[in-house]
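The values are calculated or read from the model by the stated rules, or taken from the named source; none is laboratory data. Every value quoted in this text rests on a predicted model; they were computed, and no experiment measured them. Note that each Cβ is placed from the backbone with ideal geometry, even for glycine, and that neighbours are counted across all protein chains shown. Calculation scope for accessible area: heavy atoms of the full protein, side chains included, ligands and nucleic acids excluded. Shrake-Rupley method; radii C 1.70, N 1.55, O 1.52, S 1.80 Å.
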Amino acid sequence: TQDAPIRVGQIEIDPQAHSATVYDATGRPLLLSLTLTEFRLLACLASQPRRCFSRTHLIDNCLPESDALERVIDSHLSKLRRKLQLAGQEGLIETVRGIGYRLWPGH
């Protein structure tokens, strides 16, 4: 179902609890402190790992109440990347030039 937790690599996203947890090499959980938009972006990207999502798609699905410009997504994803990096998940979100972004676990 849509509300079931999503597990991608070392990250578990729980849509019902609105939480995202990173598990370190020993299996210890680290709860990520995400804004609503960052959480929505991570959940969207994690719903189909390796799929490339356009900025327009991400705005429509993650910022539905906003008339945000495409560059706003870049800013949110930059902050999300930084938080993932601090949790030991470097390079998880890839930029696909001219198209958008994708989550690429385990590379």
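Which residues, counting only those in the stretch 21-30, are outside any strand (DSSP E or B) and not small (Gly, Ala, Ser)?
To start, the set of residues in the stretch 21-30 that are outside any strand (DSSP E or B) comprises 24-28.
Passing the criteria: ASP24, THR26, ARG28.
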Selected residue (criterion: modelled with the lowest pLDDT) from residues of the stretch 79-107 that are assigned to a loop (DSSP other than H, G, I, E, B) and under 15 Å from LEU45 (Cβ atoms): HIS107
Residue that is surrounded by the fewest Cβ atoms within 10 Å (Cβ to Cβ) [pool: residues in the stretch 1-31 that are among the polar types (S, T, N, Q) and in contact (Cβ under 8 Å) with a residue 12 or more places away in the chain]: GLN2
Test: residue in the stretch 3-20 that is in contact with an Asp or Glu (Cβ under 9 Å, 6 or more places away or on another chain), of a type in the set (Asp, Glu) and part of a loop (DSSP other than H, G, I, E, B): yes
Within the stretch 49-78, tally of residues that are open to solvent by 80 Å² or more (accessible area, probe 1.4 Å) and either without any contact (Cβ under 8 Å) to a residue 40 or more places away in the chain or assigned to a helix (DSSP H, G or I) (or both): 8
